[in-house]
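Bear in mind that the values in this text are calculations on the coordinates, not laboratory data. Only a predicted model underlies this, so the values are computations on that prediction, with no experimental measurement involved. Every residue, glycine as well, gets a Cβ built from its backbone with ideal geometry; the counts of neighbours run over all protein chains shown.
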Amino acid sequence: MAEPVLLSYHDSVLHESDGELLQGPHWLNDKLIQFYLNYLEHAAFPAAGLAFVGPDVTQFARLCAESELAAFLAPLRLAERRAALFIINDCERPDAPGGTHWSLLVTVGRRCLHYDSLAYGNQREARRMARRLAPLLGLSGKVEEAACGCQRNGYDCGVFALCHAEEVARRLSGGSDLRHVPVSQERVDEMRADMLRLIRSLAAR
């Protein structure tokens, strides 16, 4: 028997089990990450000129053959965007979900900034992605590790990555400093509840 759909939103489809991940001490899956990036792009910051690149696209772009990368990313028109925000995962398979940690990589101008809630969580993965994107987007290829929120447990990395993405988008829209983006554990706890309320609100429309 098929699991009931909780919400269909742009290219995101959430089921009851996805919503349950927001209620307990659980790691966020790809579908929840993609949903909130869709919300940021289409509802929260629709006119900001930002690309919110989901985990599946980022994962393939990070691990696919170099010869495939330009054509794969072409539909996103990243060079025309003011900035691009990529959710990074440490999974080493380009065609399947998995991994143990989420973080955020932002390209703006020639810069690449990495927001990681673990001090040495996804640095290697972020640098690999930056090197791949550099010739396509005119980036320096160097990754700046930004000062950002730090997790206190082993399961909140995805929520931190989304909080960092939202705050970075807000700062890009307002011209604020991108090198220091503090996000507290309390805000992350609130975010889980906020996301669940948002999903239920959108589903009720």
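If only one of Y36, Y9 is closer than 16 Å to C163 by Cβ and touching a residue at least 60 places away in the same chain (Cβ under 8 Å), which one is it? Can you show your working first?
Numbers: Y9 fails: closer than 16 Å to C163 by Cβ.
Checking each option against the conditions leaves just Y36.
Looking only at the stretch 154-205, which residues are in contact with a Lys or Arg (Cβ under 8 Å, 6 or more places away or on another chain), surrounded by fewer than 16 Cβ atoms within 10 Å (Cβ to Cβ) and either within 23 Å of K31 (Cα to Cα) or not acidic (D, E) (or both)?
The first filter runs over the stretch 154-205 and keeps only residues in contact with a Lys or Arg (Cβ under 8 Å, 6 or more places away or on another chain), leaving 159, 163, 172, 176-178, 181, 185.
Checking which are surrounded by fewer than 16 Cβ atoms within 10 Å (Cβ to Cβ) leaves us with 176-177.
Once the filter is applied, which keeps residues that are in contact with a Lys or Arg (Cβ under 8 Å, 6 or more places away or on another chain), surrounded by fewer than 16 Cβ atoms within 10 Å (Cβ to Cβ) and either within 23 Å of K31 (Cα to Cα) or not acidic (D, E) (or both), the stretch 154-205 yields only S176.
Of all residues in the stretch 143-177, which are in contact with a helix residue (DSSP H, G or I) (Cβ under 6 Å, 6 or more places away or on another chain) and not in a helix (DSSP H, G or I)?
Of everything in the stretch 143-177, those that are in contact with a helix residue (DSSP H, G or I) (Cβ under 6 Å, 6 or more places away or on another chain) and not in a helix (DSSP H, G or I) turn out to be V143, C148, G149, Q151, R152, D156.
Restricting the search to the stretch 39-56, which residues are surrounded by fewer than 17 Cβ atoms within 10 Å (Cβ to Cβ) and not small (G, A, S)?
The answer is H42, P46.
Just to be sure, is D189 acidic (D, E) and in contact with a Ser or Thr (Cβ under 7 Å, 6 or more places away or on another chain)? Please lay out each step first, then the result.
Working: acidic (D, E): yes; in contact with a Ser or Thr (Cβ under 7 Å, 6 or more places away or on another chain): no.
Judged against the criteria, D189 is not a match.
Regarding G24, is this residue at positive phi, without any contact (Cβ under 8 Å) to a residue 60 or more places away in the chain, in a loop (DSSP other than H, G, I, E, B) and not β-branched (V, I, T)? Explain how you work it out, then say what you get.
Working: at positive phi: no; without any contact (Cβ under 8 Å) to a residue 60 or more places away in the chain: yes; in a loop (DSSP other than H, G, I, E, B): yes; not β-branched (V, I, T): yes.
When the stated conditions are applied, G24 does not pass them.
Among the residues of the stretch 57-80, write down those that are buried (at least 16 other Cβ atoms within 10 Å of the Cβ) and among the charged types (D, E, K, R).
Passing the criteria: only R62.
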